[in-house]
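The structure under discussion appears below in the form of structure tokens.
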Amino acid sequence: MNKIAVIGCGNVGMAYAYALTISNLPVDEIVLIDIAQDKIEGEAMDLSHSAIFRSNKCKIYAGSYEDCCDAKIVVISAGRNQNIGETRTDLIDKNVAIFNSIISSIKESGFDGIYLIATNPLDVMTYVTLKLSNTTPNKVIGSGTTLDTTRLKSLISDKTSIDPDNIHAFVIGEHGDSEMIPWSLCRIGLNQIDEFLTDKDKENLLHTVRQSAYEIIKLKGNTAYGIGMCLMKITEAILNDDNTIMTVSTYDENNKIYYGYPSVINANGAIRQVDIALTNKEKTQLENSISQIKSNIKHINM
């Protein structure tokens, strides 16, 4: 049975749950878990009414942590939201305290599946989940820079008028202000990106990708739909055992932290990072991003 537990049913959690409901993925149950019991009961009813259009039946209901026991994936989007003017790292202490309670409750249920994390600061909270859960690194995955990568491909498509499916580019490192783009590996079709973009274009694109979340939060108060779809695609790779490569946040054995990097995802979780050939400049940029995550981790109390 493919059962998904969604913990934290705010904007992100419900965007994901809705994407999952209409996706026709082989999901048998979706259980919603949140401290706002009345809200999730209403959300479950509402989602159930949309689920009748699925090609396969799916039970959707409001539940508790006990319902995590036989789930295949637990998706955590709970935590304090990023407000206007705040960076993702401003949320560390508050969300670590929340995760202490959440992960403890999940473990008590007997859950032995895959944790998928979407709470900011993303890479830090994914690392915290690994430490609190005492599971293996492949079973803890953060959404990483999947959303940043979709933003990049969308922006390049707008700039070049090329379909995003033919744009092979990605963002790696911290899901945050230090993330970077390995331009040397980016392609449009089979052609190098330099045939389409100037250095100034690339500089502007990186800036826009980094600022996208701040701009959306300024305009509407939250980001939800983009990350909801990214979480659904990660779920798809797990449930279908696809061996899909995505820039999720995965564990680096050498640095002992999580960060966004092209990784293979299948039914066992994130099984390995993919070797990529960075230039010396890009290696330095990635190392700087890794250092930022390490610095953030040093300040948490667990």
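LEU219 meets the conditions (1) surrounded by 20 or more Cβ atoms within 10 Å (Cβ to Cβ); (2) out of contact with any Lys or Arg (no Cβ under 8 Å at 6 or more places or on another chain); (3) of a type in the set (A, V, I, L, M) in every case but one. The failed one is (1). Candidates are the residues of region 273-286 that are free of Cβ contacts under 8 Å to residues at least 60 places away in the same chain and in contact with a strand residue (DSSP E or B) (Cβ under 9 Å, 6 or more places away or on another chain); the one that is surrounded by the most Cβ atoms within 10 Å (Cβ to Cβ) is GLN273. Counting the residues of region 3-25 that are surrounded by fewer than 21 Cβ atoms within 10 Å (Cβ to Cβ), part of a loop (DSSP other than H, G, I, E, B) and within 20 Å of the chain's Cα centre (by Cα) gives 4.
In summary, ILE167 fulfils each of the numbered conditions (1) closer than 25 Å to ILE216 by Cα; (2) assigned by TED's automatic domain parsing to the domain that holds ILE114 with the single exception of condition (2).
Collect the residues in region 161-220 that are over 19 Å from SER289 (Cβ atoms), of a type in the set (D, E, K, R) and in contact (Cβ under 8 Å) with a residue 24 or more places away in the chain, keeping them in residue-number order. Answer for region 161-220, where residues must be over 19 Å from SER289 (Cβ atoms), of a type in the set (D, E, K, R) and in contact (Cβ under 8 Å) with a residue 24 or more places away in the chain: ASP201, LYS218.
Among the residues of region 177-214, those identified as in contact with a Ser or Thr (Cβ under 7 Å, 6 or more places away or on another chain) and either in a loop (DSSP other than H, G, I, E, B) or surrounded by fewer than 18 Cβ atoms within 10 Å (Cβ to Cβ) (or both) are ASP177, SER178, GLU179, SER184, PHE196.
The values are calculated or read from the model by the stated rules, or taken from the named source; none is laboratory data. Treat the numbers as computed from the prediction; the structure is a model and nothing was measured. As a convention, Cβ positions derive from the backbone with ideal geometry for all residues, glycine included, and neighbour counts pool all protein chains shown.
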